[in-house]
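Working notes for the structure below.
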Amino acid sequence: MITLHHLDQSRSLRIIWALEELGLEYQIKHYKRLPTFAAPPELKAVHPLGKSPVLTDGDLTIAESAVILDYLQATYDT
């Protein structure tokens, strides 16, 4: 199952758009920023720097929206 780790006010929306356009099943784990605008500790457990978006697909974990989009196109775009 594909999981998108989505942080408020990040580039995650472009990944949601791509997942929808490709017709893929996915789940979203939503994280809210701290009052300091930093990522919460829960997201830092997924990515040490608290980056978002992060996509997990099975055992594969990918950060950075451009890399995620390249992966989705190469893997799922027929």
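The values are calculated or read from the model by the stated rules, or taken from the named source; none is laboratory data. This is a predicted model, so every value here is computed, not measured. A quick note on method: Cβ atoms are made from the backbone with ideal geometry, for glycine too, and the neighbour counts reach across all protein chains shown. Heavy atoms of the whole protein, side chains included, go into the accessibility calculation; ligands, DNA and RNA do not. Shrake-Rupley method; radii C 1.70, N 1.55, O 1.52, S 1.80 Å.
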*Of the residues in the stretch 22-53, how many are β-branched (Val, Ile, Thr) and open to solvent by 70 Å² or more (accessible area, probe 1.4 Å)?*
2
*Identify, please: which residue in the stretch 1-21 is modelled with pLDDT under 85 and open to solvent by 50 Å² or more (accessible area, probe 1.4 Å) and is, among those, nearest to Tyr76 (Cα to Cα)?*
Arg11
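Kindly establish whether Ile68 is loosely packed, with under 15 Cβ neighbours inside 10 Å, in contact (Cβ under 8 Å) with a residue 12 or more places away in the chain and assigned to a helix (DSSP H, G or I).
no
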_Matching option when the condition is in a strand (DSSP E or B), surrounded by 15 or more Cβ atoms within 10 Å (Cβ to Cβ) and polar (S, T, N, Q), among Thr61, Thr56_ = Thr56
*Output the residues belonging to the stretch 23-32 that are assigned to a loop (DSSP other than H, G, I, E, B) and within 15 Å of the chain's Cα centre (by Cα).*
Leu24, Glu25, Lys32
